[in-house]
1. Just tell me which aspartates and glutamates come within less than 19 Å, Cα to Cα, of K167; anything on the same chain fewer than 8 places away is out.
2. Roughly speaking, what is the stretch gain from S15 to R155, that is 0.36 nm per residue apart minus the C-alpha to C-alpha distance, in nm to one decimal?
3. K164: which lysines have alpha carbons under 26 Å from its alpha carbon, excluding same-chain residues fewer than 8 sequence positions away?
4. Hey, what do the phi angles of the stretch 15-26 turn into as Karplus ³J(HN,Hα) couplings, whole Hz, using 6.51/-1.76/1.60 and θ = phi - 60°, x for Gly and Pro?
5. Report ³J(HN,Hα) in whole Hz for each residue of the stretch 148-165, in order, from the Karplus equation J = 6.51 cos²θ - 1.76 cosθ + 1.60 where θ = phi - 60°; Gly and Pro get x.
6. Which value in deg cm²/dmol, rounded to the nearest 500, describes the helix-derived mean residue ellipticity at 222 nm for the chain, given -39,500 (n - 2.57) per DSSP H run of n ≥ 4 and division by the residue count?
7. With every protein chain kept in the model, how would you rank S27, S96 by accessible area, 1.4 Å probe, largest at the top?
8. For the chain, report the accessible area per residue in Å² (1.4 Å probe, heavy atoms, rounded to an integer).
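The values are calculated or read from the model by the stated rules, or taken from the named source; none is laboratory data. This is a predicted model, so every value here is computed, not measured. When we count neighbours, we look across all protein chains shown, and the Cβ atoms used for this are built from the backbone with ideal geometry, even at glycine. Remember, those area values only see protein heavy atoms, side chains included, never the ligands or the DNA or RNA. Shrake-Rupley method; radii C 1.70, N 1.55, O 1.52, S 1.80 Å.
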Amino acid sequence: MTKLTVLEVPHPILSQKAEPVAVIDASIQKILTDMLETMYLSNGVGLAGNQVGLLKRLVVIDVAGEGEKPDPIKMVNPVIVERSEKTVCHNEGCLSVPRQYADVERNETVTVRYFDENGVECERFADGLLAICIQHELDHLDGILFIDHLSQLKRSLLLKKLEKRRKKEAKEKGTE
Ligand code: NI
């Protein structure tokens, strides 16, 4: 397994639309395995192709809590086919926007259709954290980050905070 590099804002690939996968072969299966490993090593609950520099419609998710049995989901070409009218607000973060969090409004439940790593078409109803995570990750495939759901003001404040933190970390590294 290979740990992939997770891209961070403002990398342009994060704002681009990913292309559908035409054939699910061994190379796609390996990418999905590497993405899942990378996500676990980064303590994330989801990761999309764009985030590892691949403009392919690939998503991995595992929202199992600490101490719970892992529940990895690998999705190829996922599409949300149904959304609840009811929405919920959840404090979201993202490996591409490190250590920054903000409330985002999402549909409370979704039904997602996708192909698994063996090319089998699946449909899954999701609620709770999984529903939020699916919407967050599928947004990535369309070049949308969770901060793009915030007001201009909130978004720029958050990016400023991130920049400040990066500078501080670089300085600390330099004095080691
Ligand atoms: Ni994210």
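1. E8, E176
2. Numbers: separation 140, 0.36 × 140 = 50.40 nm, distance 1.48 nm.
So the extension gain works out to 48.9 nm.
3. Candidates past the 8-residue exclusion: K154, K173.
4. Values per residue, Gly and Pro as x: 9, 9, 8, 7, 8, x, 7, 7, 10, 8, 10, 4 Hz.
5. Ordered by residue, 3J(HN,Hα) equals 6, 8, 8, 5, 3, 5, 4, 5, 6, 5, 5, 5, 5, 4, 4, 4, 4, 4 Hz.
6. Details: 3 runs with 53 residues, N = 176.
Helices in the chain give a 222 nm mean residue ellipticity of -10000 deg cm²/dmol.
7. Highest to lowest solvent-accessible surface, that is S27, S96.
8. Working: 10030 Å² over 176 residues.
Accessible surface, normalised per residue, equals 57 Å².
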